[in-house]
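All remarks here apply to the structure that follows.
The values are calculated or read from the model by the stated rules, or taken from the named source; none is laboratory data. Quick caveat: nothing in here was measured; it's all calculated off a predicted structure. A quick note on method: Cβ atoms are made from the backbone with ideal geometry, for glycine too, and the neighbour counts reach across all protein chains shown.
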């Protein structure tokens with residue numbers, strides 16, 4: 001028979017195994033890439049942002065308000081104004097990283113959900129294929145019992 005569908009066992013043998021792309025990418029990363037990722041993961045937290053903010057306020061407050069003999073880094077005028085003008089940039093860097101880390105976690109969760117849905121769809125398709133294979137077996141048995149050949153039935157259907 002020419003157009004005989006493949007059997008479920010043959011289909012299972014041909015099927016590619018599902019890859020975990022995240023694990024593959026992580027295993028191919030160099031030590032420097034992992035180091036950079038670890039720093040990004042820690043710097044990109046709201047805790048790190050708050051640490052920088054508190055340190056900046058303490059440093060600036062102490063060096064502006066403490067008695068001159070206790071100031072460890074007395075500000076010069078242009079340094080103070082430079083600091084004020086760049087304060088937004090200093091604070092935005094960790095906040096942007098926090099946002100990127102949150103977006104990355106959401107993307108990972110969506111990708112994981114997509115994988116779960118794809119696995120479920122594959123299992124459902126497998127059940128349907130199994131059902132179709134069972135129906136083919138029944139039809140073949142009925143045709144054999146009736147003494148019919150598949151080619152003759154297909155030719156009759158086409159004409």
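Would you mind telling me which numbered condition in (1) in a helix (DSSP H, G or I); (2) surrounded by fewer than 11 Cβ atoms within 10 Å (Cβ to Cβ) residue 16 fails? The failed condition is (1). Within region 63-87, the residues that satisfy the criterion of being in a helix (DSSP H, G or I), surrounded by 10 or more Cβ atoms within 10 Å (Cβ to Cβ) and either modelled with pLDDT under 75 or in contact with a strand residue (DSSP E or B) (Cβ under 9 Å, 6 or more places away or on another chain) (or both) are 79, 80, 81, 82, 84.
Conditions tested, residue by residue: (1) loosely packed, with under 10 Cβ neighbours inside 10 Å; (2) more than 50 Å from the chain's Cα centre (by Cα); (3) part of a helix (DSSP H, G or I).
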| site | (1), (2), (3) |
| --- | --- |
| 120 | no, no, yes |
| 125 | no, no, yes |
| 131 | no, no, yes |
| 139 | no, no, yes |
| 142 | no, no, yes |
| 153 | no, yes, yes |
| 156 | yes, yes, yes |
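For region 96-108, check the following and say yes or no: at least one residue is touching a helix residue (DSSP H, G or I) at 6+ places or on another chain (Cβ under 6 Å), part of a helix (DSSP H, G or I), at pLDDT below 80 and closer than 30 Å to residue 56 by Cα. Yes, region 96-108 contains at least one residue that is touching a helix residue (DSSP H, G or I) at 6+ places or on another chain (Cβ under 6 Å), part of a helix (DSSP H, G or I), at pLDDT below 80 and closer than 30 Å to residue 56 by Cα.
Looking across region 52-62 at every residue that is out of contact with any helix residue (DSSP H, G or I) (no Cβ under 8 Å at 6 or more places or on another chain) and surrounded by 13 or more Cβ atoms within 10 Å (Cβ to Cβ), the one that is modelled with the lowest pLDDT is identified as 59.
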